[in-house]
Structures are given as C-alpha cells and as structure tokens.
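The values are calculated or read from the model by the stated rules, or taken from the named source; none is laboratory data. Only a predicted model underlies this, so the values are computations on that prediction, with no experimental measurement involved. Heads up, the Cβs are rebuilt from the backbone with ideal geometry, glycines too, and the neighbour counts pull from every protein chain shown.
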Amino acid sequence: MLEVSSLHAGYGRSEVLFDVNLAVAEGEVVTLLGRNGMGKTTTVRAIMGLNPPRGGRVRFLGRDVAGLPPEAIARLGVGLVPEGRQVFPTLTVRENLEATAANRSGSARPWRLADVFALFPRLRERADQLARTLSGGEQQMLAIGRALMTNPRLLILDEATEGLAPVVRAEIWATLRTLKERGQAILVIDKNLPALMKLADRHFVLEKGRTVWSGTAAELKAESERVKGWIGV
C-alpha cells in the first residue's frame, strides 16, 4: 500500500532525512521508532506532502505521490492524526467530524458520526462542545475520529498517546486494536514499546534520518539489546 524508499527531506537548507525506507501493506499495523529528533515526524510530513521529498520515492497504492500537494495525497486515502492533535478549536465536536466526512476509499461500510460515537462514547456526550474545551485525551479521540471520517485506506498517527493519562492511553490502544481487527492499515509513531509490540505486525527504526533496522515484533524482541540503543529503551 505505502512504499517509501531512499527518502530524503528537510527544512530550508537543513537535511533531516538521508535514507528512509519503510512499507505498509493492506491491513497491516507498522510502527516508526526512534528517539526524539531522529526524523520520525519529518518522515510523516514528507509522506503527506507537507515537506516535499528532496530525493527518493513515496508510492501509495502503486502511484508516485512525491511532490503532490497534501490535499491530493489525503484525497487518495491517507488520513493523518498529527502530533499535537490540531483539532479545529472553534468548531464543536460534531462540526469537527462533519467537516472532514468523505468516503474517499469507496468503502461499503464508510465511517459515519454514529460509528465514531460508538468508538468513542465520550465524544457523543460532548458532541455540541467546542473542541478547545475538551481534555487532551478527548481531543486525541476527536483527532482520530476526524481522520476516520475521511474513510482512509491508510491511517497515520504521529505520537499516538503522548502526554495522555494512563487510562486514556489504554483506551487509545484498545481503539487501535479494534481498527486493526476491522482491517485498517495503520502507521503509528509512539514511545510505548510494550504496547506497540502487542499491536504491530512490523517495526522500522530511524537513527539520524536513516532506517537502520526493520523486522517483526518477534524479531524486535529477539534483538532488543541491539535495537534499544537506537530507540532509547
């Protein structure tokens, strides 16, 4: 579904990514691991067209998307839950969800308001509240729900549970397991390695803008001593 090869990207004159390689297949959950500042968010921004690649290739559903504007990539079926949530603060919960609603994947069972409210009952309770009045955890639920309302083929989550209370983190992980059971392809960035190892099919590790390791959860566990120097665990 998603193929990233020899990706280079950066900001201004600064190069951040030098050789990033990763892939996500249909229905697969994949993680992007690494310490802070290693290029994980820049990789996501490059995939989404927010930081156009300077070299390498990004292919989605067999199409070269490197250089396309972000809105074009989103319309192809990539949904992003960005770092910091970035919900629309002056819109209500319901309006945030309705603003992005589109069956871009042509799904026979598209996500609707009722489906998001079933996934996150707290959002139903706060449907008419302004997004800025929600807690951090509720805003993250809203950001996930907003991305799902686009009916993406691939869902990308940047720092899925950062800064959230433990009970909310547990709810987010349970939600991602539910999405995986529904066959949703997911690329996720997070620091909770035990939770990621239970959820994900494969892992990619970044070090200073380069993919330095990739493998399954079993392979990551077997090579934990080697890998932990790159991911800080």
For residue 118, all conditions in the list (1) surrounded by 15 or more Cβ atoms within 10 Å (Cβ to Cβ); (2) not in a loop (DSSP other than H, G, I, E, B) hold save one; what is the number of the exception?
-> (1)
Conditions (1) touching a Leu at 6+ places or on another chain (Cβ under 6 Å); (2) part of a loop (DSSP other than H, G, I, E, B); (3) under 19 Å from residue 188 (Cα atoms) -> residue 111 fails only (3)
Tell me, which strands (runs of 3 or more DSSP E) wholly within segment 3-94 include 3 or more residues that are crowded, with 18+ Cβ neighbours inside 10 Å and either within 13 Å of the chain's Cα centre (by Cα) or of a type in the set (Ser, Thr, Tyr) (or both)?
-> 29-33, 78-81
Would you check which residues across segment 132-158 are out of contact with any Pro (no Cβ under 9 Å at 6 or more places or on another chain), among the charged types (D, E, K, R) and not in a helix (DSSP H, G or I) and list them?
-> 153
Quick one: is residue 128 in contact with a Pro (Cβ under 6 Å, 6 or more places away or on another chain) and either modelled with pLDDT of 95 or more or surrounded by fewer than 23 Cβ atoms within 10 Å (Cβ to Cβ) (or both)?
-> no
Considering residues that are within 22 Å of residue 115 (Cα to Cα), surrounded by fewer than 16 Cβ atoms within 10 Å (Cβ to Cβ) and in contact with a strand residue (DSSP E or B) (Cβ under 8 Å, 6 or more places away or on another chain), the number found within segment 172-222 is 0
List the pairs whose first member sits in segment 69-98 and is free of Cβ contacts under 8 Å to residues at least 40 places away in the same chain, whose second member is part of a loop (DSSP other than H, G, I, E, B) and among the aliphatic types (A, V, I, L, M), and whose Cβ atoms are under 6 Å apart, counting only residues at least 6 apart or on separate chains?
-> 70/48; 70/50; 73/48; 73/65; 94/127
